[in-house]
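Below is one structure, written out as structure tokens; the observations come after it.
The values are calculated or read from the model by the stated rules, or taken from the named source; none is laboratory data. Because the structure is a prediction, the values reported are computed rather than measured. Methodologically, a virtual Cβ is constructed for each residue, glycine included, from the backbone with ideal geometry; neighbour enumeration extends over all protein chains shown. Accessible surface areas use protein heavy atoms only, side chains included; no ligands, DNA or RNA. Shrake-Rupley method; radii C 1.70, N 1.55, O 1.52, S 1.80 Å.
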Amino acid sequence: MNLFSKLFGGDKDAEKAVKDLFSGLINEAKAREAAQEAKKPAAPAQPAPQTQSVQKGPAGCSWGELMPDEPNQYNFNGAYFVYFENIFRQEFPLLPFTKECPRSGHYEYTFTQAGRTALVVELLSKSSAAAALRERCRRSGIPYLRFYHNVEGWWNTRSYVTGRMRKALGML
């Protein structure tokens, strides 16, 4: 029997609510810390050093047990949202974007082209149940993508992110 069980007399709903609250607070603190780090002048992004004993998966595959042999959010030297923003700026330099952070660990990017919304991208946690923005985009006919930043074995490789964005923008 853990501490929460003792405190809530075995009430599983109350236990889960408190655990979720604490998890949310921890995630919020981590996101705040990452945001503070992002405000500091960044050194040029370079992949984390790899030892020769590390097995790598095939390039071009964004999921699996082995880290793909290409840039991805986990071998990027920085916060996950900075990784995505670098791809946005480098691969789509003619598409300006705005960034919103409606809640901790959740980022929304709106790309514009010729004065209209061309694409909306969300970065969120696998535990997020957010669907309102996706539904608004669907109703408005605006292309929409979401990338989960914390799914084990899902690497969000540069080619995967770029390919999905190009397809959504009708560039393929």
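Observations on the model:
- Answer residue from the stretch 99-149, given it is among the polar types (S, T, N, Q) and under 17 Å from MET165 (Cβ atoms) and is most open to solvent (accessible area, probe 1.4 Å) among those: GLN113
- Scanning the stretch 134-156 for residues that are under 20 Å from LEU95 (Cβ atoms), hydroxyl-bearing (Ser, Thr, Tyr) and outside any helix (DSSP H, G or I) returns a single hit, TYR144.
- Residue list for the stretch 116-133, filter: modelled with pLDDT under 95 and either in a loop (DSSP other than H, G, I, E, B) or not hydrophobic (A, V, I, L, M, F, W, C) (or both): SER125, LYS126, SER127, SER128, ALA129, ALA130, ALA131
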